[in-house]
Structures are given as C-alpha cells and as structure tokens.
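First the structure, then my questions, so here it is.
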Amino acid sequence: MLEEGKTSEPTSDDEAYFIYAYQENTGIPVFHELMSVAKQMADDSPDNAPVQAIYSARGLEELSINYIYDFKNEQNTVALKPFEEIASVVEAKYENLLNDSKYEITTLQLFHKKISYRTF
C-alpha cells in the first residue's frame, strides 16, 4: 500500500477463490490423523482440509496438500466391533463424567489412526 498507485480499496484484482477438498474412499469420507487428536483440528471445516488452494485472476497463488492417503482396496474385509461393545468401553472410560441424564448421539465420525511401533 506504500507503493505509488496502490489504494486501500479492494478491486476486482483482489478477488480470489478459496478451494478445498477432502479425500473419500469407496464413498466414506477420510479424515486425517490429526483430526482425531488435536482439538482445533477436530471438525471437518475448510480450514482443516488436506487440500487447500487460493486461485485469483493472477492464477494459482497458493496450493497446500497434506495428509493424503494412498489406499489399496483389496477384497479382504475387516469386521468392525459391534456398536454396543464400543459404547460400553466409552461409557466405562467416561463414567465419572456422565450423570443420570439421557444422552443421544447426534454425530459420528469414523477416524483411521495410524499406529507406529518400534522393535528393540
């Protein structure tokens, strides 16, 4: 703004698109691992998307690609635990936080957590 000819008023040259994308695998949304551990990244908002871009009349100005997974879909299936079993573990863990009120689950998100280990 200190340059000659620059003004503080926005023009059409200042307009831009913010583009974002989430990954999907066989119709199931994929949320990256930080979304399950970092509270500020826990929701599936545009700010947490693994692909983000800013596009203006000048072209692509910024591109960020993080936490993209390479899935290999095979015929092997994995049996998920029954919901009742999972719910009982969650209830036991947070038993001291819950009271006698009735609770209703309104939103569920399935997260994949990467497990790393080392052998010695």
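The values are calculated or read from the model by the stated rules, or taken from the named source; none is laboratory data. It should be emphasised that the depicted structure is a prediction, and the values quoted were computed from it without experimental measurement. Cβ sites come from the backbone with ideal geometry, for glycine too, and all protein chains shown count toward neighbours.
Out of A92, A87, report the one residue that is loosely packed, with under 10 Cβ neighbours inside 10 Å, out of contact with any Pro (no Cβ under 9 Å at 6 or more places or on another chain), assigned to a helix (DSSP H, G or I) and at pLDDT below 85. Talk me through it step by step, then tell me what you get.
On the way: A87 fails: loosely packed, with under 10 Cβ neighbours inside 10 Å.
From the options A92, A87, the qualifying one is A92.
While we're looking at this one, here's another question. Give me the pairs, please: first residue somewhere in the stretch 1-18 and on the phi < 0 side of the Ramachandran plot and of a type in the set (A, V, I, L, M), second residue anywhere and at pLDDT 80 or above and not in a strand (DSSP E or B), beta-carbon distance under 9 Å, and either six or more positions apart or on two chains.
Hits for this filter: A16/A57; A16/R58.
Across the stretch 1-30, which residue is modelled with the lowest pLDDT among those that are assigned to a loop (DSSP other than H, G, I, E, B) and either in contact with a Pro (Cβ under 9 Å, 6 or more places away or on another chain) or among the small types (G, A, S) (or both)? Steps first, please.
Within the stretch 1-30, the subset assigned to a loop (DSSP other than H, G, I, E, B) is 1-11, 15, 22, 26-27.
Checking which are either in contact with a Pro (Cβ under 9 Å, 6 or more places away or on another chain) or among the small types (G, A, S) (or both) leaves us with 5, 8, 22, 27.
On the way: G5: 69, S8: 74, Y22: 89, G27: 85.
The qualifying residue modelled with the lowest pLDDT is G5.
Which one of the conditions (1) modelled with pLDDT under 75; (2) within 25 Å of Q23 (Cβ to Cβ); (3) surrounded by 10 or more Cβ atoms within 10 Å (Cβ to Cβ) does L108 fail to meet, given that it meets all the rest?
The failed condition is (3).
Another question, if that's okay. What are the pairs, 6+ residues apart or on separate chains, where a residue within the stretch 63-77 that is under 14 Å from P29 (Cα atoms) has its Cβ under 8 Å from a residue that is of a type outside the set (V, I, T) and part of a strand (DSSP E or B)?
I68/Q23; Y69/Q23; Y69/N25; F71/N25
Restricting attention to the stretch 45-84, which residues are modelled with pLDDT of 85 or more, assigned to a loop (DSSP other than H, G, I, E, B) and β-branched (V, I, T)?
Correct list: I68 only.
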